[in-house]
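Worksheet: one structure, shown below.
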Amino acid sequence: MIRGVRGATTVTKNEAQEIEQATETLVREMVSQNALQPEQIAQVIVTATNDIDATFPAKAVRHLQGWQYVPVMCAQEIPVKGSLPLCIRVMMTVNTSLKQEEIKHVFLEGAIVLRPDLLKK
């Protein structure tokens, strides 16, 4: 079955090292909580708010061990007034036997405020 796994995090500064570290931490947590292997991942879309431009957040994903064949794309979030700043979002499309309600979506740092309803598990 194909499922989507959502995740988001924030950084405190628009600095390449922090952006890459936060993205890697988020993706690793999404994979861990859903017991995924790279070959189960069809694609990863990473977005960032327009105040993040020191590096591509997706760069962190491309360097993970075993992920060289996972398609990854980076894009910019729509700049909605009042939206959460310095935010990185990930949408991972995966092949899994988990039911929709069993998927564990991961929100870290300041991004916890985005979907507290998905964190109740």
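Values quoted throughout were computed directly from the atomic coordinates according to the rules given, and no laboratory measurement underlies them. On a predicted model such as this, the values are computed, not experimentally measured, just so you know. Neighbour counts run over all protein chains shown; Cβ positions are idealised from the backbone, glycine included.
If I build a Gaussian network model for the chain, linking alpha-carbon pairs within less than 10 angstrom, which residue out of GLU39, GLU101, GLU109 has the largest mean-square fluctuation?
Top of the fluctuation ranking is GLU101.
Relative to the longest principal axis of the chain, what angle (0 to 90°, nearest 10) does the C-alpha long axis of helix 16-33 take?
20
Cut-off 10 angstrom, C-alpha nodes, Gaussian network model of the chain. Which of ILE78, ILE19, ILE45 fluctuates the most?
Top of the fluctuation ranking is ILE78.
Compute the distance from the alpha-carbon center of the range 42-64 to that of the range 78-121, in whole Å.
Computed from Cα coordinates, the inter-centre distance equals 15 Å.
For LYS59, give me every one of the aspartates and glutamates with a C-alpha distance below 18 angstrom, ignoring sequence neighbours fewer than eight places off in its own chain.
Of all the aspartates and glutamates, those that pass the test against LYS59 - Cα under 18 Å, at least 8 places apart if same chain - are GLU15, GLU18, GLU20, GLU24, GLU29, ASP51, GLU77.
Express in nm, to one decimal, how much length is gained between THR12 and GLN43 on full extension, taking 0.36 nm for each residue of separation and deducting their alpha carbon distance.
Fully extending the segment from THR12 to GLN43 adds 8.5 nm.
Report the label-to-label distance for VAL113 and THR96 in nanometres (one decimal), using points 7 Å from each Cα along the Cα→Cβ vector.
2.7
Expressed in whole Å with the largest first, what are the equivalent ellipsoid semi-axes of the range 20-61 derived from the C-alpha gyration tensor as the square root of 5 times each eigenvalue?
Working: eigenvalues 91, 23, 13 Å².
Taking √(5λ) for each eigenvalue gives 21, 11, 8 Å, largest first.
For the range 2-115, evaluate the Debye formula with one uniform point scatterer on each Cα (no solvent term) and list log10 I(q)/I(0) at q = 0.12, 0.15 Å⁻¹, rounded to two decimals.
At q = 0.12, 0.15 Å⁻¹ the computed log10 ratios are -0.38, -0.59.
Most fluctuating residue of VAL70, VAL27, VAL90 in a GNM of the chain with Cα springs under 10 Å: which is it?
Comparing VAL70, VAL27, VAL90 in the GNM, the peak value goes to VAL70.
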